[in-house]
Amino acid sequence: MKSYDVIVKNADIVTASERYLGDIGISNGKVAVIAATLDASQAKQVIDAHGRMVTPGGVDAHCHLDQPSTDGSAGADDFISGTRSAACGGTTTVIPFAMQFKGQSLHDAVADYHQRAEGKACIDYAFHLIITDASAAVIAELPQMVKQGYTSFKIYMTYEALKLSDHHILNVLDAARQLGAISMIHAENDDCISWLTERLKSEGKISPRYHAVAHSQIGEREATHRAISLAELVDVPILLVHVSSRAAVEQIYWSRGQGINIFSETCPQYLFLTAEDLGIDDSFHGAKCICSPPPRDTDSQQAVWNALANGTFSIFSSDHCPFNYDDPQGKKLHGEDASFDLVPNGIAGLETRLPLLMSEGVLKNRISAQRFVDLTATAPAKLYGLYPQKGTLMPGSDADLVIWDTDCHKTIHNDQLHSAADYTPYEGKEVHAWPAITLSRGDIVWRDNQFTGQRGNGQFLHCALPFPSKG
Ligand code: DUC
Ligand code: ZN
Ligand code: ZN
């Protein structure tokens, strides 16, 4: 009788706080023991990690999978292709969104998402709630939602079909405070966007590159400051999602100086793309990089790198939300002559998130390996109530881990990725790190450049509350 299903030997183990050499013993999908040396004869399977970095599997806490729309567009990935691509890039937990349509109950919204995910997800998943209708009846549903494991509420300050007024945002924040939940805020000033859009269109400036003009840094800065102020008024922590610009980062520094408890997230597109990727001419190809907020300039890229390195950002997520390019339900929903404001927003990122940050961040010494783990796994697991089951390597944690190849020369090509999207914004980019082997609850889901996981193996995770209730 063997003691372990798997032993990972000679691992360079990295957690958010430690880095040391050891062996990891895995039984029944959990980390059973971590020791300097384990007896290989006690394992059914031995994986020799040869001193390779071994990190917890990634937790991607911001992605959109099989999310219905109100404009007739359809995202490229469902729960099969989206979670498969996540696993192939070293992510073993995803937290996509269950979106409430206005007038719909939260209960019905989550029931719909469970149907979309069940039997399809290849890795474990939880859900955030997108609250688009903060009526008294919906607010009254929140205690029950929290009991069922939905402890994070996403709020939009823009998008006609999604946005809440400041008054309604305050109601959601107040409910989050009473419950001990976390609110995630998409901070862009809606009127600045619509006013700039109207003006640009009246001047005939409709090509994709004007999306980056309409979604200005000033509009992001104002909404960021307003979101911080609303959180301060209610006295509740919030998470600012997909922070893109120096102007917004400066607001977060300001809030820290005031002692306001603000968490913040950034994404690969704000490190590796700029507004020029939306076009330097009027070609429609720039639609491939339309997302909101848009990629900015190299000055903002530097500000975002600095905030990653100095501990300002709490988490690094993909905001994976791809639309196919050559698809009448994708970027060309309204044709190639459509103005930028009619192009579906979002790009792919689940599979490339970790390799890009490992390669450009850790291997280029911009951030430490421990900080990488914190940003991509530990901090999101803590913030969303999944720690220590997810987000770390310790006895009792799920055996979700990545054995890294940090010596590779790989050029990203979409035909080697596993999302259903028909392009990647990172086509042609070189990376020097990619998962060699990924385990999800002890099962190998990625090895020798092959997906070896299975649809339906992913389990729904009930999130705990991140903060004490103040009800
Ligand atoms: N912006 C969002 O707010 N959500 C999905 C994709 C995007 O670009
Ligand atoms: Zn958003
Ligand atoms: Zn998003």
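The values are calculated or read from the model by the stated rules, or taken from the named source; none is laboratory data. As the structure is a prediction and not an experimental result, all values here were calculated from the model. Neighbour counts run over all protein chains shown; Cβ positions are idealised from the backbone, glycine included. Just the protein is used for accessible areas: all its heavy atoms, side chains included, with ligands, DNA and RNA removed. Shrake-Rupley method; radii C 1.70, N 1.55, O 1.52, S 1.80 Å.
For the chain, the Cβ-based charge dipole about the Cα centre amounts to some 1200 debye (Lys, Arg positive; Asp, Glu negative; other atoms uncharged).
Distance distribution P(r), the range 3-161, all Cα-Cα pairs, bin width 5 angstrom from 0: 2, 8, 14, 15, 14, 12, 10, 9, 7, 6, 3, 1, 0 percent.
Within the chain, the longest segment free of exposed loop sites, counting chymotrypsin sites (Phe, Trp or Tyr not before Pro) that fall outside DSSP classes H, G, I, E and B and have at most 16 other Cβ atoms within 10 Å, spans 160-324. Normalised per residue, the accessible area of the chain is 37 Å², obtained with a 1.4 Å probe and no contribution from ligands, DNA or RNA. Note on Gln459 and Glu336: the extension gain reaches 40.3 nm, defined as 0.36 nm multiplied by sequence separation minus the Cα-Cα distance. Site pair Ala40 and Arg199 shows an inter-label distance of 6.8 nm when each label is modelled 7 Å from Cα along Cα→Cβ. Beta bridges from DSSP with both residues in the chain: antiparallel share about 45 percent, rounded to the nearest 5.
Taking N as the residue count of the range 302-351, its C-alpha radius of gyration divided by 2.2 N^0.38 Å amounts to 1.59.
Largest accessible area first, the listed residues Glu336, Glu198 line up as Glu198, Glu336 when surface is computed with a 1.4 Å probe on the assembled protein chains. A 1.4 Å probe, protein heavy atoms only, puts the accessible area of Met145 near 0 Å².
Here the range 273-324 was treated as a single set of alpha-carbon atoms; its pair distances binned every 10 Å from 0 give 21, 46, 26, 7 percent.
Along the charge dipole of the range 320-463, Cβ charges K/R +1 and D/E -1, which of Thr392, Val343, Gly428 sits furthest on the positive end? Of the options given, the answer is Thr392. What the phi angles of the range 331-344 give under the Karplus curve with 6.51, -1.76 and 1.60, with θ = phi - 60°, is a coupling list of 4, 9, 3, 10, x, 7, 9, 5, 6, 3, 6, 9, 8, x Hz, glycine and proline written as x. When only the Cβ of Lys, Arg, Asp and Glu is charged (+1, +1, -1, -1), the dipole of the range 1-103 relative to its Cα centre reaches about 240 debye. Across all Cα pairs in the range 1-75, the calculated P(r) in 10 Å bins from zero up to the longest distance comes to 18, 37, 17, 13, 12, 3 percent per bin. Apolar share of the accessible surface for the chain: 48 percent from carbon plus sulfur atoms, 1.4 Å probe. Placing unit charges on the Cβ atoms of the charged side chains and taking the dipole of the range 34-121 about its Cα centre, the candidate lying farthest along the positive direction among Ala121, Phe97, Ile47 is Ile47. Could you state, as a whole-number percent, how many of the C-alpha pairs of the range 180-269 are farther apart than 23 Å? Above the 23 Å cut-off, the range 180-269 has 29 percent of its Cα pairs. The Kirkwood radius of the chain, taken over pairs of alpha-carbon atoms, gives through the Stokes-Einstein law at 4 °C and 1.567 mPa s a diffusion coefficient of 58 µm² s⁻¹. A simple spin-label model places pseudo-atoms 7 Å from Cα toward Cβ; at Asp166 and Asp327 they are separated by 3.8 nm.
Note on the range 309-413: Cα-only Rg and Dmax are 17.7, 56 Å.
The distance separating the Cα centre of the range 338-408 from that of the range 166-236 comes to 25 Å. Report summary: the helix-based calculation at 222 nm, which adds -39500 (n - 2.57) for every DSSP H run with n ≥ 4 and divides by the residues of the chain, gives -8000 deg cm²/dmol.
The C-alpha atoms of the chain define a longest principal axis, and helix 166-179 lies at about 30 degrees to it. Computed from point charges on the beta carbon alone (+1 for Lys and Arg, -1 for Asp and Glu), the dipole magnitude for the range 216-335 about its Cα centre is near 200 Debye.
Rg/Rh for the range 72-217: what does it come to with C-alpha atoms and Rh from Kirkwood?
When Rh is taken as the Kirkwood radius, the ratio is 1.03.
Between the listed residues Val402, Gln454, Ser3, the Cα displaced farthest toward the positive end of the dipole of the chain, a dipole computed from Cβ unit charges relative to the Cα centre, is found at Ser3. Give the angle, between 0 and 90 degrees and rounded to the nearest 10, that separates the Cα long axis of helix 79-88 from the longest principal axis of the Cα atoms of the chain. Once rounded, one gets 60 degrees. Please determine, in degrees from 0 to 90 and to the nearest 10, the orientation of helix 190-202 with respect to the longest principal axis defined by the Cα atoms of the chain, where the helix direction is its Cα long axis. With both axes taken from Cα atoms, the answer is about 60 degrees.
Counting only the Cα atoms, the range 425-466 fills a convex hull of 175 Å³ per residue. Averaging 1/r over each pair of different alpha-carbon atoms in the range 204-356 and inverting the result gives 16.1 Å, the Kirkwood hydrodynamic radius. Restriction of the trypsin sites (Lys or Arg not before Pro) in the range 138-168 to DSSP coil positions whose beta-carbon has at most 10 other beta-carbons within 10 angstrom yields no sites.
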